[in-house]
Amino acid sequence: MARKNLLILLLWGAAIVALGAFLWVRVLEPRMTQTVGDTLGQGDYTLTTTEGDTFTQDSLAGAPSAVFFGFTHCPDVCPTTLGDILTWQEELGEEGSPLRVFFITVDPERDSVDALRDYVSWVPGVQGVSGPREEIDKAIRAFRIYASKVPLEDGGYTMDHSASVLLFDEDGRFYEPVGYQEDPDRVLSKLRHLTQG
């Protein structure tokens, strides 16, 4: 009887060890080794660009990309950043791979695709991105940015939001951020490395 109980305990122990090894290999270890670069921008959002294309996590692959969140009623940060992007594009000229730029609204209630098309039209190559609020919220979570509606005294509102431009490589992996009004020489160095490999 004691031998039978010992055998049962050994079998249970082996089963627990095997289950632990399986969980480590299939669940825990991959989660521990994932970096921000593996997950940033990844999610189940489906939006529409000003070119009429669908924008999903797959849209980040294929060529280097810059993603920026903002809104058309933004008084300072968004127009300044679009101006910076125009300067970067002019400085880079024909160097390396072209940089695709996506301006995703945090205010879809006011920023239709048509409104965004007008707003970004002065910066060549920038595509506006909009969609239903629930899809925008999914994208905000996927890119891990901050966005919040701020009521104004006149009954209107503005949006508070992250101001970084997020750079992605041709595989759709997060490369690094560009801070708001970051030194232009540093930014151009990042962009040259990203687009020229």
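The values are calculated or read from the model by the stated rules, or taken from the named source; none is laboratory data. All values reported here derive from a predicted model rather than from experimental measurement. Neighbour counts run over all protein chains shown; Cβ positions are idealised from the backbone, glycine included. In case anyone asks, the SASA skips ligands and DNA or RNA and just uses the protein heavy atoms, side chains included. Shrake-Rupley method; radii C 1.70, N 1.55, O 1.52, S 1.80 Å.
A single entry from Thr48, Thr72 fulfils the requirement of being within 18 Å of Ala139 (Cβ to Cβ), open to solvent by 20 Å² or more (accessible area, probe 1.4 Å), of a type in the set (Ser, Thr, Tyr) and in a loop (DSSP other than H, G, I, E, B): Thr72.
Report yes if Leu92 is under 17 Å from Ala63 (Cα atoms) and at pLDDT below 95, otherwise no. Yes, satisfied. Residue check: Leu188 meets all listed conditions (1) over 21 Å from Thr50 (Cα atoms); (2) without any contact (Cβ under 8 Å) to a residue 40 or more places away in the chain; (3) not in a strand (DSSP E or B) but one, namely (2). Candidates in segment 180-197 are the residues that are closer than 18 Å to Ser65 by Cβ and touching a helix residue (DSSP H, G or I) at 6+ places or on another chain (Cβ under 9 Å); of these, the one that is modelled with the lowest pLDDT is Thr195. The number of residues in segment 133-157 being out of contact with any Asp or Glu (no Cβ under 9 Å at 6 or more places or on another chain), exposed (fewer than 13 other Cβ atoms within 10 Å of the Cβ) and without any contact (Cβ under 8 Å) to a residue 40 or more places away in the chain comes to 7. Could you grab me the full set of residues in segment 97-118 that are of a type outside the set (D, E, K, R), outside any loop (DSSP other than H, G, I, E, B) and over 13 Å from Thr49 (Cβ atoms)? Correct list: Ala115 only.
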